Amino acid sequence: MNKTKASNKATKIKEAPSFSSDFIIVAEFCEQRGPVSLMVIPENGESKFDLSRFVLRVLASDHTRRSQSNTGWINPEDSQVYLTDTKQGAHAYVHYITLHDIHARGYVRPICFCYVTNEPDKIMNNFEAFLNAFTQISQLIKYGNNCRFVRDVQKQL
């Protein structure tokens, strides 16, 4: 009987991932609803993946960097991490950014982009490429966000 339990445990460790192809999650921490997925690319790319559980884990802690320069609040630095979710067979590059929002708590809205794959070595072997690509996306989004934030503040004055 002990052998059966041991073999079941080994089988559980080697379970197939709950998804078959790579996908990207865009998620935010919403004050009213908590961590939520805003978008998955491609649509339905996550198939049987437990998206809510993963987004909760990704946004459960504060990954904002504390900048030592005076421009930290105006243009906060991005933060990047590598995460694994062994239960779902997921390996993820997670890129955190902070957007300004006049209606958000503290005037900031944490957002993250997650590239999720079931290939164990894909993220680490391509970490620099992921970093460069998501940093470019981040810069474009933050530029537009800063323009809108300034316009929103001016309207309030």
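Bear in mind that the values in this text are calculations on the coordinates, not laboratory data. Note that this is a predicted model, so its numbers are computed, not measured. Please note: Cβ atoms are built from the backbone with ideal geometry, for glycine as well, and neighbour counts cover all protein chains shown.
Efficiency by 1/(1 + (r/R0)^6): what FRET value for Cys147 and Glu43, r their Cβ-Cβ distance, R0 = 30 Å, to the nearest 0.05?
Numbers: r = 29 Å, r/R0 = 0.95.
That gives a FRET efficiency of 0.55.
With θ set to phi - 60° and the Karplus curve 6.51 cos²θ - 1.76 cosθ + 1.60, what are the ³J(HN,Hα) couplings of region 36-45 in order, to the nearest whole Hz, using x for Gly and Pro?
These are the phi-based 3J(HN,Hα) values: 9, 7, 8, 6, 10, 10, x, 3, 6, x Hz.
Among Asn126, Gln136, Tyr93, whose Cα projects farthest towards the positive end of the dipole of region 72-157, with charges put on the beta-carbon of Lys, Arg (+1) and Asp, Glu (-1)?
Value: Gln136.
Pull up all non-local amide H partners of Gln88: gap of 5 or more, or a different chain, and H-to-H distance under 5 Å with H placed in the peptide plane.
Amide H to amide H, under 5 Å and 5 or more residues apart or across chains, Gln88 pairs with nothing.
Pull up all non-local amide H partners of Leu99: gap of 5 or more, or a different chain, and H-to-H distance under 5 Å with H placed in the peptide plane.
Amide H neighbours of Leu99, under 5 Å, 5+ apart: Arg109, Ile111.
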